[in-house]
Amino acid sequence: MEISMEKPIDEVIVLDNIIDLSLKKTPKIAVSNVKVWYDDFQAIKGIDMEIKPNTVTAFIGPSGCGKSTFLRLFNRMNDYVDSFKMEGKIKIDSKNIYKKKINVEELRKEVGMVFQKPNPFPKSIFENVAYGLKIQGIKDKKFIKERVESSLKQVALWNEVKDNLNKSGLALSGGQQQRLCIARTLAVEPSIILMDEPTSALDPISTAKIEELIFELKKKYTIVIVTHNMQQASRISDYTAFFYLGALIEFDKTKTIFTNPSKEQTENYITGRFG
Amino acid sequence: MRKIKELVIEKSLLTSALITIAVTIGIILVLSIETFRFFSEVSIIDFFTDTQWTPLFTEKHFGILPLLSGTLLTSFIAIAFALPVGLSISIYLSEYAPKSFRKTIKPLLELLASVPTVVYGFFALVVVTPFLQGIFPNLSGFNSLSAGIVMGIMIIPYISSISEDALHAVPKELREAAFGMGATKLQTAFKVIVPAASSGIIVSIILAISRAIGETMIVAIAAGQQPRLTLDPTVPIETITAYIVQVSLGDVQHGSMEYRTIFAAGITLFVFTFLLNSLSYWIRKKYQEKYE
Ligand SMILES: Nc1ncnc2c1ncn2[C@@H]1O[C@H](COP(=O)(O)OP(=O)(O)OP(=O)(O)O)[C@@H](O)[C@H]1O
Ligand SMILES: [Mg+2]
């Protein structure tokens, strides 16, 4: 994203046009009038949003504003919360994922998730990455092996672990663990990857590596990332959504949000005046 | 003033710890001395190889194997019964049951462990044995099968409760990781949660075995008093504990050979349960390190 300084003006305009073109594509995720309650507490207050394919969308906002809740709607991870209630529609590839006959397990193969705290299984590195394939009933050893290798390569972990694939995933460093978790998600070839503060538990170098990775992954996947780090949001995302108290205050191109936000609340938040 | 108070508390805590250790050492000492005297008259080889245990008869044999087999047989039956039941309960409670149900059912299950064992023994003798005799007509009135099953019921909470704690303690993140990958509840439970909690589950099983091996009342009442080297669960047998009760309650002479047999039997039992408890302690220790 640093290119614009070096390039002649008209090329920048072309780049912008490409982004505009992608705006017209059918949305990967379409959210309409979604409301969420935990018991009587309303955590999401009627949100509409469209997320384009092959983009990185950042969710920002103060703690408790509903970013995680909203993100976890996309792979129905809130279903496990007893007090969770939801209204509205969420379509992924034009299919309503909250319809009764939706197979949640199938949905989650399509919509992968990376969590705040690296959470590898207490199994070997190989087994961690192969896990998703194995639970799908895939038995072909050669296929699994290739997929494990390619996934680890995608997250740039292959060279570090290729001689130790039988070592426990828990023996890796925090940053390596998080990349392992991303590889595990990639191995089942989802089309969307949800990330909930994936770097908040990591050191700056590991964080930089993951940011680089996200930039790479965008070519193949649609990425939605929750972050408290404004620089991170501005560095890696194409679109940014600002949430406040369960409402979507502003949703626009990242550049616009960070240089020329239309709401005062957004500006206050990104300049660090509250939150 | 404050200093003195702390000093007094510290010293009294130390004293209670020392008393406990002293008592333990005392018990081991008495056991060892009497056992030593026993083995000055009975060869240790006979003790472990003779297949008969008849110290109370005129024709005396001192082979521990019949008592040991009785103990292991009843314990095995108990575990074979309690393990699948206890484990299923723990997995159901931790992974499937609603929170409120789990909260009420767990203490109720733990009640099973606080029923006086004499009640269990009686239950085995007058309810379970007659019931089983309806299915297996050959079953003796005293047998290891019904004693073992009832003992299994008694140790279910050891397995279900401790395993459930272990399953419940598996970090939420791990569950989310599995669900997030598209694993079903069943796959998550058996391929991720149970393996992650395996050391806790093993500890629960070892404690249950240890409890079964040391159990006295049920086997004394329902399994009989006939030392017999057999794997047949339908005939009367005798366990180490039941033998000790039998001799302690009978009128053998203090200091006699018959009297010393209970120490030899006792130390055998002690070694077994001690090894099992150490094993569970060691596993727990290792497990803690792993999660730090
Ligand atoms: N399981 C739950 N039960 C009840 N209330 C919940 C639950 N999860 C979240 N909430 C509430 O919903 C609101 C939104 O929470 P959420 O975790 O989505 O916020 P967030 O924006 O991700 O915050 P953070 O930046 O701290 O992660 C909060 O007020 C929170 O207390
Ligand atoms: Mg959150």
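Return the total of residues in segment A:234-275 being part of a helix (DSSP H, G or I) and basic (Lys, Arg). So that I can check it myself, show each step before the final result.
Taking segment A:234-275 and keeping what is part of a helix (DSSP H, G or I), we get A:234-236, A:254-259, A:264-270.
Of the ones still in play, those that are also basic (Lys, Arg) are A:235, A:255.
The number of residues fulfilling the criteria is 2.
Return yes when A:Thr69 is under 25 Å from A:Arg273 (Cβ atoms) and away from ligand 2 (no atom under 13 Å from the Cβ) and no when it is not. If you could, list the steps in order and put the result at the bottom.
Values: under 25 Å from A:Arg273 (Cβ atoms): yes; away from ligand 2 (no atom under 13 Å from the Cβ): no.
In short, no.
Restricting to segment A:83-111, count the residues that are within 13 Å of chain B (Cβ to nearest Cβ) and under 17 Å from B:Gly182 (Cβ atoms). Walk me through how you get there before you give the answer.
First pass over segment A:83-111, keeping only residues within 13 Å of chain B (Cβ to nearest Cβ): A:83, A:102-111.
Restricting the remaining residues to those that are under 17 Å from B:Gly182 (Cβ atoms) gives A:102-111.
Residues that pass the stated criteria total 10.
Residue-by-condition table, conditions (1) within 13 Å of ligand 1 (Cβ to nearest atom); (2) surrounded by 22 or more Cβ atoms within 10 Å (Cβ to Cβ); (3) assigned to a strand (DSSP E or B):
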| position | (1), (2), (3) |
| --- | --- |
| A:Ser32 | no, no, yes |
| A:Glu50 | no, no, yes |
| A:Pro53 | no, no, no |
| A:Pro62 | yes, no, no |
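Which one of these does A:Gln116 not meet: (1) free of Cβ contacts under 8 Å to residues at least 40 places away in the same chain; (2) within 13 Å of ligand 2 (Cβ to nearest atom)?
Result: A:Gln116 passes all but (1).
So which of A:Lys167, A:Lys117 ends up being more than 16 Å from ligand 1 (Cβ to nearest atom) and either charged (D, E, K, R) or out of contact with any strand residue (DSSP E or B) (no Cβ under 6 Å at 6 or more places or on another chain) (or both)? Lay out the reasoning, then the answer.
Numbers: A:Lys117 fails: more than 16 Å from ligand 1 (Cβ to nearest atom).
Just one listed residue meets the conditions, A:Lys167.
Select, from A:Tyr131, A:Tyr80, the only residue that is among the hydroxyl-bearing types (Ser, Thr, Tyr), within 16 Å of ligand 2 (Cβ to nearest atom), in contact with a helix residue (DSSP H, G or I) (Cβ under 9 Å, 6 or more places away or on another chain) and within 14 Å of chain B (Cβ to nearest Cβ). Step through it out loud before you land on a result.
Numbers: A:Tyr131 fails: within 16 Å of ligand 2 (Cβ to nearest atom).
Exactly one of A:Tyr131, A:Tyr80 is among the hydroxyl-bearing types (Ser, Thr, Tyr), within 16 Å of ligand 2 (Cβ to nearest atom), in contact with a helix residue (DSSP H, G or I) (Cβ under 9 Å, 6 or more places away or on another chain) and within 14 Å of chain B (Cβ to nearest Cβ), namely A:Tyr80.
Can you tell me which of (1) part of a loop (DSSP other than H, G, I, E, B); (2) farther than 30 Å from B:Phe39 by Cβ; (3) of a type in the set (S, T, N, Q) is the one B:Gln225 doesn't meet?
Every listed condition holds for B:Gln225 apart from (2).
Of everything in segment A:174-191 that's under 11 Å from A:Asn128 (Cα atoms) and among the aliphatic types (A, V, I, L, M), which residue is nearest to the other protein chains (Cβ to nearest Cβ)? Before the answer, list the steps.
First pass over segment A:174-191, keeping only residues under 11 Å from A:Asn128 (Cα atoms): A:177, A:180-185, A:187.
This time we only want the ones that are among the aliphatic types (A, V, I, L, M), so: A:180, A:182-183, A:187.
Numbers: A:Leu180: 11, A:Ile182: 12, A:Ala183: 12, A:Ala187: 9 Å.
The extreme case among them is A:Ala187.
Taking interchain pairs and intrachain pairs at least six residues apart, which have beta carbon atoms under 9 angstrom, with the first residue in segment A:47-66 and more than 26 Å from A:Thr26 (Cα to Cα) and the second of a type in the set (Phe, Trp, Tyr) and away from ligand 2 (no atom under 15 Å from the Cβ)?
The qualifying pairs are A:Gly61/A:Tyr269; A:Pro62/A:Tyr269; A:Pro62/A:Phe274.
Can we say B:Ser163 is touching a Leu at 6+ places or on another chain (Cβ under 7 Å), buried (at least 19 other Cβ atoms within 10 Å of the Cβ), among the small types (Gly, Ala, Ser) and in contact (Cβ under 8 Å) with a residue 40 or more places away in the chain? Please lay out each step first, then the result.
Numbers: touching a Leu at 6+ places or on another chain (Cβ under 7 Å): yes; buried (at least 19 other Cβ atoms within 10 Å of the Cβ): yes; among the small types (Gly, Ala, Ser): yes; in contact (Cβ under 8 Å) with a residue 40 or more places away in the chain: yes.
For B:Ser163, the condition - touching a Leu at 6+ places or on another chain (Cβ under 7 Å), buried (at least 19 other Cβ atoms within 10 Å of the Cβ), among the small types (Gly, Ala, Ser) and in contact (Cβ under 8 Å) with a residue 40 or more places away in the chain - is met.
What is the residue count in segment A:186-196 for residues that are away from ligand 1 (no atom under 16 Å from the Cβ) and not in a loop (DSSP other than H, G, I, E, B)? It would help to see each step written out before you state the result.
As a first pass, look at segment A:186-196 and keep what is away from ligand 1 (no atom under 16 Å from the Cβ): A:186-193.
Applying the additional criterion that residues be not in a loop (DSSP other than H, G, I, E, B) yields A:186-187, A:192-193.
Of the residues in that region, 4 qualify.
Only one of (1) under 15 Å from the mean Cα position of the chain (by Cα); (2) closer than 19 Å to A:Cys65 by Cβ is not met by A:Leu217, so which one is it?
(2)
From the list A:Thr199, A:Thr207, which residue is polar (S, T, N, Q), in a loop (DSSP other than H, G, I, E, B) and modelled with pLDDT under 95?
Details: A:Thr207 fails: in a loop (DSSP other than H, G, I, E, B).
Sole residue among the options that is polar (S, T, N, Q), in a loop (DSSP other than H, G, I, E, B) and modelled with pLDDT under 95: A:Thr199.
Taking segment A:153-182 only, how many residues are in a helix (DSSP H, G or I) and not β-branched (Val, Ile, Thr)? Step through it out loud before you land on a result.
Within segment A:153-182, the first condition is being in a helix (DSSP H, G or I), and the residues that meet it are A:153-154, A:158-161, A:169-171, A:174-182.
Okay, now just the ones that are also not β-branched (Val, Ile, Thr), so A:153-154, A:158-160, A:169-171, A:174-181.
Number of matching residues: 16.
The values are calculated or read from the model by the stated rules, or taken from the named source; none is laboratory data. Just so we're clear, the structure is a prediction, and the values are computed from it rather than from any experiment. Glycine gets a Cβ as well: all are built from the backbone with ideal geometry, and neighbour counts include every protein chain shown.
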